[in-house]
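Working notes, structure below.
A short reminder: the numbers here are calculations on the coordinates, not readings from a lab. What you see is a predicted model; the values in this text were computed from it and never measured. Methodologically, a virtual Cβ is constructed for each residue, glycine included, from the backbone with ideal geometry; neighbour enumeration extends over all protein chains shown.
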Amino acid sequence: MKYALLIYQDAEFDRFWSEGSAEDRAPLYAEYGRFGAMLEERGAMAGGAELAVSGLATTVRSNGGDHVVTDGPYTEVAEHLGGFYLVEARDLDEALEYARALPSDVVEVRPVVGPEDRA
């Protein structure tokens with residue numbers, strides 16, 4: 001089964017990521033690189049991506065057929081979605097094992113609905 005590992009970061013981290021130097025970010029990139037390599041070794045990597053900081057988001061809202069485009073994320077929150085991994089896991093326990101191995105304080109684990117799950 002596929003699971004999305006959604007990586008959240010607080011506003012302070014978002015600021016560090018956008019204002020910090022490449023040298024400051026290098027150790028964390030190395031940790032994520034090791035995590036990705038571990039997923040590859042286990043045949044669990046199904047996809048994923050780093051997202052730009054939330055301040056660069058653009059939101060499109062549908063309102064009765066009209067679409068309103070605004071700068072910024074969908075909602076103002078304390079934690080921002082910073083990226084995700086799509087993993088193949090036997091079950092939730094294995095997906096949680098992967099989430100615990102991420103160098104991140106907050107990881108939301110969510111099953112992915114596949115065509116076979118739609119009824």
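Being surrounded by 12 or more Cβ atoms within 10 Å (Cβ to Cβ) and part of a helix (DSSP H, G or I), is that true of even one residue in the range 2-10? No, there is no match, as no residue in the range 2-10 is surrounded by 12 or more Cβ atoms within 10 Å (Cβ to Cβ) and part of a helix (DSSP H, G or I).
None of R100, R90, R110 is without any contact (Cβ under 8 Å) to a residue 12 or more places away in the chain and among the charged types (D, E, K, R) except R100. Would you check which residues across the range 90-119 are among the small types (G, A, S) and surrounded by 14 or more Cβ atoms within 10 Å (Cβ to Cβ) and list them? The answer is A95, A99, A101, S104. The lone criterion from (1) outside any helix (DSSP H, G or I); (2) surrounded by 10 or more Cβ atoms within 10 Å (Cβ to Cβ); (3) touching a His at 6+ places or on another chain (Cβ under 7 Å) left unmet by D14 is number (1).
The number of residues in the range 80-108 being in a strand (DSSP E or B) and within 15 Å of Q9 (Cα to Cα) comes to 9. For the range 31-87, the tally of residues that are in contact (Cβ under 8 Å) with a residue 60 or more places away in the chain and among the hydrophobic types (A, V, I, L, M, F, W, C) stands at 7. Only one of (1) touching a Phe, Trp or Tyr at 6+ places or on another chain (Cβ under 6 Å); (2) exposed (fewer than 10 other Cβ atoms within 10 Å of the Cβ) is not met by V87, so which one is it? Against the list (1) touching a Phe, Trp or Tyr at 6+ places or on another chain (Cβ under 6 Å); (2) exposed (fewer than 10 other Cβ atoms within 10 Å of the Cβ), V87 comes up short only on (2). Taking the criterion of being of a type in the set (A, V, I, L, M) and in contact with a strand residue (DSSP E or B) (Cβ under 8 Å, 6 or more places away or on another chain), the only residue of the range 17-42 that qualifies is L39.
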